[in-house]
Amino acid sequence: MTLPPDFAKHLDVHSPTWKIIKLWLEDKKEVKTNLLIAADTHDKSNQIRGSLQFINEILALEKAATSSDGR
């Protein structure tokens with residue numbers, strides 16, 4: 001299965017499921033940010049930055065979904 005280029009418009013970011021996922025991601029983001037601050041090696045900080053980037057990409061889907069449907 002291939003995702004269409006505008007797949008974000010098919011996401012229901014107003015659903016209770018999305019709201020729970022978003023809360024979970026925001027919590028993980030806070031934890032990862034605190035871990036990044038305390039990271040003791042360059043490799044560990046890069047790993048945490050990668051996790052944060054992925055979290056931010058998922059959270060950005062909400063903006064993409066709402067801008068494409070006009071809500």
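The table for this structure:
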item: Sole exception among (1) within 21 Å of Asp6 (Cβ to Cβ); (2) surrounded by 15 or more Cβ atoms within 10 Å (Cβ to Cβ); (3) of a type in the set (Lys, Arg) for Lys63, by number; result: (2)
item: Number of the condition not met by Lys44 [criteria: (1) exposed (fewer than 13 other Cβ atoms within 10 Å of the Cβ); (2) over 15 Å from the mean Cα position of the chain (by Cα); (3) part of a helix (DSSP H, G or I)]; result: (1)
item: Members of region 1-24 that are over 14 Å from Thr66 (Cα atoms), part of a loop (DSSP other than H, G, I, E, B) and open to solvent by less than 100 Å² (accessible area, probe 1.4 Å); result: Pro4
item: Residues located in region 25-40, provided they are hydrophobic (A, V, I, L, M, F, W, C) and assigned to a helix (DSSP H, G or I); result: Leu25, Val31, Leu35, Leu36, Ile37, Ala38
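The values are calculated or read from the model by the stated rules, or taken from the named source; none is laboratory data. Just so it is clear, the model here is predicted, and its values are computed rather than measured. Please note: Cβ atoms are built from the backbone with ideal geometry, for glycine as well, and neighbour counts cover all protein chains shown. To get the accessible areas, we keep the full protein, side chains included, count just its heavy atoms, and leave off ligands, DNA and RNA. Shrake-Rupley method; radii C 1.70, N 1.55, O 1.52, S 1.80 Å.
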